[in-house]
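First up is the structure itself, then whatever we jot down about it.
The values are calculated or read from the model by the stated rules, or taken from the named source; none is laboratory data. Owing to the predicted nature of the structure, the values given are computational and were not obtained by experimental measurement. All Cβ positions, glycine included, derive from the backbone under ideal geometry; neighbour counts span all protein chains shown. Ligands, DNA and RNA are excluded from the accessible area calculation, which covers all protein heavy atoms including side chains. Shrake-Rupley method; radii C 1.70, N 1.55, O 1.52, S 1.80 Å.
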Amino acid sequence: MSQDIWVVVEALRGDVSEISYTMLAAGRALADGLGGKLIVLLLGHKAEAMASTLGAADEVHYVEHASLAEFTPDAYQRVIARLIKEDPPRAALFGHSSMGMDVVCSIGIRLGAPLITYCQTLDVEDGVPRYISLTCGGKVLAGGELPAPTCLVTIVPGGYKPEDGKKEGAPEVTQFAPPAVLDDLKVNLKGYIEPEVGEVDVTKEAILVSVGRGIQQQDNLKLAEELASAMGGAVSASRPIVDQGWLPTSRLIGKSGMSVKPRLYLPLGISGAPEHMEGVTDFETMIAINTDERAPIFDIAQYGATVDVLDLLPVLIEKVKDAKSG
Amino acid sequence: MHIIVLIKFVPDLVEEMEIDDSRTALDRTFMRLIPSEQDEHALEQALLLNERLGGTVSVVTLDTGDVDETLFTAVASGADRVIKIIGEGFEAGINNHAASAVLYEALKDVGFDLILTGTQAVDDLDGSVGPLLAARLDLPYVGYITGITQEDGKIVVRKEYPGGLIAEMEVSLPAVIGIQAAEEAPRYVVTSLVMEAMKTATIEELDVEAVDGSGAVGIERMYLPEPSERAEMIDGDVDQVADALVALFQERGLI
Amino acid sequence: MPIEPMLVLVGFLAALTVFSYRLYQRFVHMRLGQPARSFTQFGERIKALLVFVFGQRRLFRFPMPGLGHFFIFWGFVLLFPTIVLAILEGIFPDLLVPFFGTFGPLAVLQDLIAVAVIAAVLYGLYLRLIAKPERYQGSHQAEGTLVLFLILTIMTSLLLMNGLRQNLGESLIEPAYWQPISVLVGSLFAGLGEGVQQVIGSAAYWVHLGVVLVFLAILPVGKHFHVVTSVFNVFLRNQEPPGNLPPAPQFDGQVGIKNVEQFSWLQMLAWYSCTECGRCQEVCPAYASGLPLSPKLLIMGLRAHLFERGSALQAANGTGSSQAIGNGAGQEVLEKELTGDVIADEVLWACTTCYACDQECPLFVEHITPIVDMRRYLLTQQRADTQLMAALGNLRRYGNSFGQSDRKRAMWTKGLEPKIKDIRKEAAQTLWFVGDYASYSPALTAITQATARVFQKAGIDFGLLYDAERNAGNDLRRVGEEGLFELLAMKNKAALDKCEFADIVTTDPHTYNTLVNEYAANGKSPPVYHYTEVLERAIISGQLPIQHQLGYTVTFHDPCYLGRYNGIYDAPRRVLEAIGCRVVEMPRNRDRSLCCGAGGGRIWMEEKGINERPSEIRIREAISLGNAQYFVVACPKDVTMYRDAVKTIGQEGTIEVKDIIELVEEALLAASPVLLEGDESRTGSRLIEQEVDG
């Protein structure tokens, strides 16, 4: 049976997504442990140039077709399913994302291949590949073996640094014609809608004061703004705040929002659910404030306190201002 | 449009999670199950579509124990039919491969335009019910959807990507759609209307025999993360915490 | 037949016809209303008439205007015979009416009251035209001012008329000293010739009669209808305890009130009685904070809508002479929605149900019940903000508004020794019904624990329901979710039924209110106490040994549901005095206490459209006393609201919010040595500041 590991790379409008690099880092470790090759599966149209960022892989299998220019679930799953069927790898890694999750279940059912999702880390023990996945909002972990001969896995961020998946070098690129029929597609892309342009680009801020449910009222946002501006940073938010319309989506950190790598991340009243935390792909310092001492955020932050955010902010603002002036 | 909404009951994360004696699954003895939040959004989206376009909304769920109140609440919110599927082992918990197989048996001969369900649920470990069922029914599936409109016999869905980017995709019907968030927050129905539904509405029951969970990867062990990797907690009152934070900021050259 | 009697007769009949028609029209509109609950306790009702109508008691809550109206009311009563006489003698010039026309002592009373009325009216005109109090904002001011002038004219013309008759010897009141004031007025004209005096006297009569008839004709239109309806309204008022909200009206599956005709005719009678005095508006915390709710404008709006809709319905049915409205305008009126078009949703959601308005109204107009009934309808239509709906979702799923597991309800007890009794398993004398906020709010855990310790020190044998306790439901009823109240009350009652206890104590006045007034099962309910009552008893009996007198100067804030709703004002004050605190009263104290703004479900809603929170207004009121060190509260929501307010207005150094239990616990400890510079204790440094400032 093959010991090769496939990584189904995700690209959105010409850019390879961060999760692809996390997958490459995971895949590299797995392939090395099993003694197999790390092969990237890249679908697209005139997209060969993307292969240059995929140096961590040994080979790139590139499928070229106009219908694959942008991701659509029907076209992509037909192609990927056929390729896996013709040359089954030991494991195929997908991003646990808006793209990966659209296709992986379908491929699994059609090929009868077992599926494990929410996987954070993979490793090899006595020649057997093993997974550790998250569940229940990160409160519970599950682990086991990846069944032979072929297994499908979706990867969530957090287990590997994307940098470890970015390597220089051009792997060998083999171009394939689409093995599957690509007409009569049931899903077609009409177009993209850009997100609202915010005055603030949270991805470029070094200091982020991030607010969650613990801020309670929209009025209290101005306290967060004051702290952020006193420190020379910006305010970002978790989903509930944006859903209420208190801040624009350009401030949303998380799965469906921005990915940030600030020097300082200050989650205030944020519980730390995976959907939000996966937006914080890296940080230097994280200090979490949440009255619930069992909040998952404290598993990720380096420091924490259980005081009330609304009590802390006015005091902290004063002290920061004093420290900066005095 | 004839819409079917699938609701999955999941552990309530407000409670503490406990692992059972086999160390491979959650302990469900005292577990409170609630409808998956994204499935509630799926129901809301279905009701909104129904209000806009007319048709019917049917809610289907597997009977994991205390599902009646949710179903009656769905009727009070505007659902036309509510159906619970009864089978052995549902209460003990089954994986999504098994659940989708059951739903396939129940729905394969039913006529519908659209199946809506949440994109994912908190206890998913083997994919999600929506796309698994879509594959079994050989229907198209798109997930992470936050808006649906109808155009020329097809639907146009708004799909969420990171960074707030939205993709508009046209989908042929019938289809399965995974809802990330409905266009409006799920409505609250006053208790008196729910009570009335309990008196006047009926929950249809469907029996299903075989439950096939193969296709999921086996779980060798389930465990709670170690508390040792936790943050260093700063004690004291607001003044002391603020002082400590300022000291940290200065130490790291942030202010 | 002479012209003059004809004129009087015709004039009187014309005015009477107009009056009757207008009265009938409003009666017809009232008939659209629903049946009222049956009336009982007639003894109480007679007493109410004596105290509130003849005694004008509530009027005096605003002392000067109250005195003025007292005179105007009694003036109307005592001078009514003179009006009848004026009409009768106009029609039958030779008529001699015994007693009313001739009795001297009555005449002097009438003369004196006429002066009082004039003084009152002049004061009223001063208010309307010069002082212009805020509470008149939105009232029909022109109408009010006009009627004051009309009354002034009636009074002065009466005195003039009587005075000149005395001068001319035509008066039936003899001797003249029985009409001292009239005589005084007449003496101003005594120098004029007889003929001139005849003319003036006659003119005075015609003016007097004319204005009276005009007044009669306009009486049913506008606020002076209360002259007719108020007596009935007070007699038929709701005599249930205010803390017992009436059940939700239901109409064929529709819950709450959607159309104005779904109110009862009794409520409509109340709207007719509204005098637009604005006292309700004056005491309303929502109005004070800048929200769009004015109880007065609400009632005026309902009254106006009843009239327009009643008329439109008449026109639509082809009855009544309202065809003038015409199909177009009538149709437009009929399509108006009561909630949304006539009364905006925000107005209805702004109410905190604090009861200040209902208590203030001299005519017992109810404001809260219509608001709650309309809220009940709004909720069935999901017309509420998302934060409220989320809170209701949590209450339904978890039995508390915090969205926390019901299994964690008693987590605040962790670490307390000895462990508090689980009253589900072990009998106890007292069941402590803790309540949501005291149980779940992290900021209040310390206070709840302190309460437990103090109960233990007082030797009270108490237990908790632990996980079986649910939100008692007081605010659920008032926010309009009657069904959820019933569900949670059922669960609570089932839990209570299984336990053995003699009485209930709670720190939360909302919980207290509903347990006392709305939870009676099969007519029987165990006694329920607020913790201040329990503390008072324990301190006075010596069971709770006070170790030292605190010596603080404090002000006490009366919670709405403890004070106004349930009449408990003294227990907390006696507790404070017993622990050596000097209580200084804010201007608005006891039943005039200003609501913190959290009630009626407001604490679950989004805060929108507020200029200044009622809690901030209240803290400023306390600070203006100048010497209150502590703002003492006896309600968990008050602690939350007022501590927040102190922070928001940046007054942490000036005043501190304390729950009464914190002070009691402090008094149970031995006194700490006198504290001078260097010591951080509040007491020490505060006392010294006081002395320095003098």
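Summary table below
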read-out: Heavy-atom surface of the stretch C:502-647, accessible at 1.4 Å and reported per residue (Å²); value: 33 Å²
read-out: Between helix C:614-623 and chain C: long-axis angle, C-alpha atoms, 0 to 90°, nearest 10; value: 80 degrees
read-out: DSSP bridge pairs, the stretch A:1-83: antiparallel proportion in percent, nearest 5; value: 15 percent
read-out: Shielding by partners, peptide A:108-118 (average Cβ within 10 angstrom, other chains); value: 6
read-out: Magnitude of the charge dipole, the stretch A:169-306, Cβ model with Lys/Arg +1 and Asp/Glu -1, debye to 20; value: 120 debye
read-out: Debye intensity ratio I(q)/I(0), log10, the stretch A:67-138, q values 0.15 Å⁻¹ (C-alpha model); value: -0.57
read-out: Debye-sum result for chain B in log10 I(q)/I(0), which assumes one identical scatterer on each alpha carbon, at q = 0.11, 0.13 Å⁻¹; value: -0.67, -0.86
read-out: Dipole of the protein assembly as shown [Lys/Arg +1, Asp/Glu -1 at C-beta], most positive-end residue of C:Val212, C:Thr413, C:Ala312; value: C:Val212
read-out: Accessible area per residue in Å² at 1.4 Å probe, computed on chain B; value: 41 Å²
read-out: Solvent accessible area, Å² - C:Lys47, 1.4 Å probe, full protein context; value: 120 Å²
read-out: Residue-by-residue Karplus 3J(HN,Hα) for the stretch C:75-88, coefficients 6.51, -1.76, 1.60, Hz, glycine and proline x; value: x, 4, 5, 6, 8, 3, x, 5, 5, 4, 4, 4, 5, 4
read-out: Inter-chain shielding of B:243-249 (mean C-beta neighbours from other protein chains, 10 Å cut-off); value: 6
read-out: Alpha-carbon centroids, the stretch C:147-210 and the stretch C:352-430: separation in whole Å; value: 64 Å
read-out: Charge dipole magnitude, Cβ of K and R +1, D and E -1 - chain C, Cα centre, debye nearest 20; value: 1020 debye
read-out: Chains B and A, summed buried accessible surface - 1.4 Å probe, Å², nearest 100; value: 6900 Å²
read-out: Nonlocal amide H pairs with A:Val140, under 5 Å, H built at 1.01 Å; value: A:Thr135
read-out: Integer Hz, Karplus 6.51/-1.76/1.60 couplings in order for the stretch C:564-576, x for Gly and Pro; value: 4, 6, 10, x, 9, 10, 7, 3, x, 5, 5, 4, 4
read-out: Solvent accessible area, Å² - C:Cys635, 1.4 Å probe, full protein context; value: 0 Å²
read-out: Student exercise, the stretch A:249-326 dipole from Lys, Arg, Asp, Glu Cβ charges, in Debye to nearest 20; value: 340 debye
read-out: The stretch A:190-326 - accessible surface per residue (Å², probe 1.4 Å); value: 39 Å²
read-out: Apportionment of accessible area to carbon and sulfur, chain A, percent (1.4 Å); value: 49 percent
read-out: Signed unit charges on C-beta, dipole axis of chain A, positive-most listed residue A:Leu182, A:Ser259, A:Ser236; value: A:Leu182
read-out: Amide H within-cut-off set for A:Val7, under 5 Å, with H built and near neighbours excluded; value: A:Ile39, A:Val40, A:Leu41, A:Leu93
read-out: q = 0.15, 0.17, 0.23 Å⁻¹, the stretch A:151-252: log10 I(q)/I(0) [Debye, one scatterer per Cα]; value: -0.89, -0.97, -1.21
read-out: Order by protection proxy (mean Cβ within 10 Å, highest first), peptides A:31-44, C:127-140; value: A:31-44, C:127-140
read-out: Accessible carbon and sulfur surface of chain C relative to its total accessible area, %, 1.4 Å; value: 60 percent
read-out: Nearest-ten-degree value, helix C:295-316 long axis tilted from longest Cα axis of chain C; value: 60 degrees
read-out: Amide H contacts under 5 Å for B:Ile19, placed H, 5+ residues apart; value: B:Asp27
read-out: Distance between the stretch B:23-77 and the stretch B:147-216 - C-alpha centres, whole angstrom; value: 9 Å
read-out: Given charges at Cβ of Lys, Arg, Asp, Glu: chain B dipole, positive-most of B:Tyr144, B:Ile85, B:Tyr223; value: B:Tyr144
read-out: Exceeding the 18 Å Cα-Cα cut-off - candidates B:Lys84/B:Lys159; C:Lys47/C:Lys296; C:Lys421/C:Lys457; A:Lys85/A:Lys167; value: B:Lys84/B:Lys159; C:Lys47/C:Lys296; A:Lys85/A:Lys167
read-out: With Cα atoms, 0 to 90° folded angle of helix C:445-457 axis to chain C main axis; value: 80 degrees
read-out: Cα principal axis extents for the protein assembly as shown, largest first, Å; value: 133, 84, 62
read-out: Set of aspartates and glutamates with alpha-carbon distance to A:Lys255 below 13 Å, sequence-local pairs under 8 removed; value: A:Glu18, A:Glu275, A:Glu278, B:Glu160
read-out: Unsatisfied cross-links (Cα-Cα over 32 Å) in the set A:Lys222/C:Lys637; C:Lys491/C:Lys647; A:Lys186/A:Lys261; A:Lys190/A:Lys222; value: C:Lys491/C:Lys647; A:Lys186/A:Lys261; A:Lys190/A:Lys222
read-out: For A:140-148, mean number of other protein chain Cβ atoms within 10 Å; value: 6
read-out: Area hidden from solvent between C and B (accessible, protein heavy atoms only, 1.4 Å, total, Å²); value: 1800 Å²
read-out: DSSP bridge orientation in the protein assembly as shown - percent antiparallel, rounded to nearest 5; value: 30 percent
read-out: Using θ = phi - 60° and Karplus 6.51 cos²θ - 1.76 cosθ + 1.60, couplings along the stretch C:101-112 (whole Hz; Gly, Pro as x); value: x, 10, 6, x, x, 5, 4, 5, 4, 5, 4, 5
read-out: Residue order for B:Thr24, A:Thr154 - accessible surface, 1.4 angstrom probe, largest first; value: B:Thr24, A:Thr154
